[in-house]
Every structure is written in structure tokens, then in C-alpha cells.
Amino acid sequence: MTALAAPPTKPPATGTRPRPAGRRKSRAGRTMQGGKLAYAILIFAVLISAFPFYWTIVAASRSNADLAKVPPTLLPGSNLFRNFEAVMEEADIGKALLNSFIVSGSITVGTVLCCTLAGFAFAKLRFRGRGALLAITVGTMMIPPQLGVIPLFMLIAELQWVNQLQAVILPGLVSAFGVFFMRQYLVQSLPDELIEAARVDGASTARIFWSIVVPIARPGMAVLGMLTFMAAWNDFFWPIVALSSQEPTVQVALRQLGGGYVHDQSVIMAGTLLGTLPVLLVFGLLGRQIVGGIMQGAVKG
């Protein structure tokens, strides 16, 4: 019996070439470009978001009489440094800025370190009761913080920490949100194969954390650090309870501005501007890491 011959292949048409493998463009690979409507919406959102800060600059550089005019003045004036001097005279803003840097920096460093450690343990380590402990940690986020003010104040009074900065620092060194945030980040970003390979090479858990976990978690740590710094810097309720005007933070010191029968809004705005600049500085330093950390969760790898 003769074998069946394979049907002859049809030669390609003249002037056409077969497309090489891998040259086809997929829909997912195409770059998306926004239209005019998208740019208009983005510009409008930027203007709405930036206007409060711009108005703070305008109000801080004007007098109280200028702010009372109708319609209000929308251009900066020449009283900015004069209002800064008034802020320095009415409140010890220099000491308040230093105290806020100490409090916010200490809380940020402690929160980022402790929450990254706890997040790594909940994400990659196996131990008894891990699920229950994580549920309890997340459950504490549903408890209003105001419920713990009286017991916490009784504790710091017993330790004789009233009107001392550690009374504000220590209660904020760990947050349930930070633990959950870093746990979720490490679950998605840290492959189990890296940890197993490090175990095979004889690395301890501490060595794995410092040499593998921390470099991978750096974008998430930057995001958590920024959020923590902003929350600690803007906190008013607990510092006003635990501290006095002799040892204030920025938010406590701003309460002393613009006193009198008629509040001087320009001086208050000048103090607010001074209290806002450090937050902008931190965002400028960590901005690239923050954007990278936020986009990391949006990319499916």
C-alpha cells in the first residue's frame, strides 16, 4: 500500500509575507490615551484639590481687613512674613514644630517597623492561632478610639507621663491598619519561593526579614510611613488631653493663635501654613516611593 501524500501547501500570495510569531499586537498591550474630556476632568480635579492650599497662602499674606472684603481678594499680598512674626509672638511655634517632628517621626518609624514585622509574620509565617490573632487585630479597628481615652489617661498619669512627649508617642507606635496593610502588601509582593530559598541557604528569620522582606516591602512601607506621619502630625484630640501649652505640638499651638474679641484669620492661616509645609516636604521626599507603592497593587503580575 502506498502512503497517502500530504496535500500540497498553498504558496503565499505575491507581495505578502507571513507574520512572524510574537509580532501580533494584543488589545492589552496597547497604550491607552486619554481624550480631551479626560484631561479636562483631571485639570478640574487638580484645581479643586489645590485651591484650599492656594487660599491658605493668600489668606496668610493678607490682613484681616482684606479677608473681610466682598468679593474676597484672590491674589497673594505682602503681609506674609509679618504674619509669620505674629505667629511666633502669639505661640511658641518653633518648639511646637520641634515637638511635632519628634512625635510624628518617632510614631512613623515605630509604626512602619512594627507593622512590617507583624505583617510579615501574618503573611508568611506559620504559627498556631494566626487567623484568630489577625481577626482580633482587624477587629480593634471597629472600636472608637474615644473609648480608650480615659483608661489611657489614667495609665499615663500613673506613670507620671502627663505633659511629656512619650505620652503621645507610645500609644501610637503600632496600628491595626498598618499591620493589615503590610500583611496584604506582603501576601501579594513577596513570593514564597524566595523565603524557601533563603531557608535552604541557612538564613534565619531575622536575616530573611532584613535582607529580603524589607527591600521588597519598601514601597508599601513608604506609603504607610506617609499616612502615619500625616495622621500623627495632624492629631489634635489626644495631644490636647495629654500635653499642655508648655509642651505643645503644632496643632495644640495653633489653638492659641488669633485670640481676642475678633479672631485674626490671617495670623491663623499663617500658622496653618507653617504647620502644613513639613507634610509637603515629607511627601516630596517620599513621593516616588508612595506612587510606586500605590501602583504596585494595581499591576497584576
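The values are calculated or read from the model by the stated rules, or taken from the named source; none is laboratory data. Predicted, not measured: the structure shown is a model, and the values here were computed from it. Backbone-built Cβ (ideal geometry, glycine too); neighbour counts: all protein chains shown. All accessible areas refer to the heavy atoms of the entire protein, side chains included, with ligands and DNA or RNA removed. Shrake-Rupley method; radii C 1.70, N 1.55, O 1.52, S 1.80 Å.
For region 90-158, what class follows from the C-alpha gyration tensor (a ≥ b ≥ c being the square roots of its eigenvalues): rounded when a/c is under 1.5, otherwise prolate if a/b is larger than b/c, else oblate? Please report the intermediate quantities before stating the final value.
Working: a/c = 3.29, a/b = 1.70, b/c = 1.93.
Because a/c hits 1.5 or more and a/b fails to exceed b/c, region 90-158 counts as oblate.
Largest to smallest in accessible area, the residues K69, K95 fall in the order K69, K95 (1.4 Å probe, all protein chains included). Spin-label pair Q166-R128: with each label point 7 Å from Cα along the Cα-Cβ axis, the two points sit 3.5 nm from one another.
Charges at C-beta only: +1 for Lys and Arg, -1 for Asp and Glu. How large is the resulting dipole of region 79-298 about its Cα centre, in Debye rounded to 20? Please report the intermediate quantities before stating the final value.
Details: 12 positive and 12 negative charges, 166 e Å.
Taking the Cα centre of region 79-298 as origin, the dipole is about 800 debye.
Residue ranking by accessible heavy-atom surface, 1.4 Å probe, largest first, among L98, L170, L274 comes out as L98, L170, L274. Under 5 Å from the amide H of G77 lie the amide H atoms of S61, R62, each residue being 5 or more positions distant or on a separate chain, with H modelled from the backbone and absent for Pro and chain starts. 3J(HN,Hα) along region 107-121, derived from phi through the Karplus expression 6.51 cos²θ - 1.76 cosθ + 1.60 where θ = phi - 60°, amounts to 5, 5, 4, x, 5, 4, 5, 5, 6, 5, 4, 5, x, 5, 5 Hz, with x in place of Gly and Pro.
Leaving out ligands, DNA and RNA, and with a 1.4 Å probe, what % of the accessible surface on region 79-298 is carbon or sulfur?
Numbers: 7900 of 12030 Å².
Ligands and nucleic acids excluded, carbon and sulfur give 66 percent.
Can you sort F53, F209 by 1.4 Å-probe accessible area, starting with the largest?
Numbers: F53 75, F209 10 Å².
Ranking F53, F209 by accessible area, largest first, yields F53, F209.
Based on the Kirkwood approach, the hydrodynamic radius assigned to region 79-298 is 19.5 Å, with every pair of different Cα atoms included.
Heavy-atom accessible area per residue, region 79-298, 1.4 Å probe: how many Å²? Provide the component values of the computation, followed by the final result.
Details: 12030 Å² over 220 residues.
For region 79-298, the per-residue accessible area is 55 Å².
Scalar couplings 3J(HN,Hα) for region 192-199, obtained by applying the Karplus form with A = 6.51, B = -1.76, C = 1.60 to θ = phi - 60°, are 5, 5, 5, 5, 5, 5, 5, 5 Hz; x denotes Gly and Pro.
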